[in-house]
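Here is the structure we will look at.
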Amino acid sequence: MIHLSGVSKVYDNGCVALSDITIDIPKGDFLFVVGPSGAGKSTFIKMIFREELPTKGKLIVNGRNVGELQPSEVPYLRRNLGIVFQDYRLLPNKTVYENVAFAMQVIESSHRDIKKRVTHVLDLVGLRHKSGSCPSELSGGEQQRVAIARAIVNNPVVVIADEPTGNLDPETSWEIMKIFARINKGGTTIVMATHDKTVVDAMKKRVIAIEKGKIARDEVKGVYGYED
Ligand SMILES: Nc1ncnc2c1ncn2[C@@H]1O[C@H](COP(=O)(O)OP(=O)(O)OP(=O)(O)O)[C@@H](O)[C@H]1O
Ligand SMILES: [Mg+2]
């Protein structure tokens, strides 16, 4: 699903964020990306959805060579990806329903499909009863559940998330992680950068540790491995 071969990322200011990364993430994987602050986790995540381009090496996502995509092709790449951020990034003036429906409107789904699918994903994240609420009327955990509903509404092959539970309390983080686990059970590949030791240790999923821009560990049923 995602293949990196000899990928490096050097930012314009000369900062080497990632160097010579080679990794294979097969379809259906659930991968945690851990490591100290500044290690390169967000850079790794951003390259997958082409927010940042690799400086060197080859990066294939869902059969597309990300480094060689024309700008006009980027929306087609992102159509197959669900992206979840730490700060939710919902549209403040739209309701829960509209926030999720919007992702389907941009790919010109029919009104009927939108209604059916949005209702389904809001059920999946347990928020159908909040359809008419605005983001400001929701708790952080609820807002993140809306963001997840939006990320999965178009049936992406991969969901990538950068510290999705970073702003949430432990109990709410668990609710969110259960939703990700359910999505993964349905066959969707998950790639998640996190500092959440409790979650990583309990989930027993694949873990890669990035340290100073290199992969320091890659474990099948891994642990967080740091004390913070
Ligand atoms: N746009 C940018 N321009 C220049 N340097 C950057 C840029 N973004 C990140 N960096 C640098 O690249 C390195 C990796 O940053 P990155 O954000 O990927 O780390 P991270 O592992 O996500 O850290 P954290 O756990 O704090 O989120 C850091 O040294 C950072 O300062
Ligand atoms: Mg980061």
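Things worth noting here:
- Potential lengthening of the chain between Asn155 and Glu175 amounts to 5.1 nm, from the contour at 0.36 nm per residue minus the alpha-carbon distance.
- Modelled this way, with points 7 Å down the Cα-to-C-beta line, the labels at His129 and Ser5 are 5.2 nm from one another.
- Net lengthening on full extension, Glu98/Ile23 (0.36 nm per residue, minus Cα-Cα): 23.3 nm
- Measuring gaps between exposed loop sites in the chain (trypsin sites (Lys or Arg not before Pro); DSSP loop; at most 16 other Cβ atoms within 10 Å), the longest gap, sites not included, is 95-203.
- On a per residue basis, the convex hull of the C-alpha atoms belonging to region 45-137 measures out at 126 Å³.
- For region 153-166, the Karplus equation 6.51 cos²θ - 1.76 cosθ + 1.60, evaluated at θ = phi - 60°, returns couplings of 4, 9, 6, x, 7, 9, 10, 10, 9, 10, 6, x, 10, x Hz by residue, with Gly and Pro reported as x.
- FRET efficiency, Ser37 to Leu69 (Cβ-Cβ, R0 35 Å, nearest 0.05): 0.75
- Sequence-distant residues sharing a close amide H with Glu52 (under 5 Å, placed H): Met47
- Within the chain, longest stretch clear of exposed GluC sites (Glu not before Pro) (DSSP loop, no more than 10 other Cβ within 10 Å): 109-226
- At R0 = 25 Å, FRET efficiency that the Cβ-Cβ distance of Arg217 and Val16 yields, to 0.05: 0.80
- For the chain, there are no membrane-span-like helices by this rule, meaning no whole DSSP H stretch whose C-alpha atoms cover at least 15 Å of axis and whose Kyte-Doolittle mean is 1.0 or above; this says nothing about an actual membrane.
- Anisotropy class of region 44-202 from Cα gyration tensor, a/c 1.5 cut: oblate
- 16 Å tail of the calculated P(r), region 92-155, as % of Cα pairs: 34 percent
- Set Lys94/Lys204; Lys56/Lys212; Lys130/Lys185; Lys46/Lys214 screened for pairs whose C-alpha atoms are more than 27 Å apart: Lys94/Lys204
- Proximal charge balance of Lys116 [Cβ under 14 Å; K/R count +1, D/E count -1]: +2
- Helix content alone sets the calculated 222 nm mean residue ellipticity of the chain: runs of n ≥ 4 DSSP H residues at -39500 (n - 2.57) each, divided across all residues, give -9500 deg cm²/dmol.
- Close amide H partners of Gly35, meaning residues 5 or more places away or on another chain with modelled amide H under 5 Å apart, are Ile210.
- Less than 5 angstrom separates the built amide H of Gln86 from those of Asp162, all sequence-distant by 5 or more or on a different chain.
Laboratory data are not the source of any read-out in this text; all were calculated from the coordinates shown. Since the model is a prediction, treat every value here as computed from it, not as a measurement. So basically every Cβ, Gly included, is an ideal-geometry build from the backbone, and we count neighbours across all protein chains shown.
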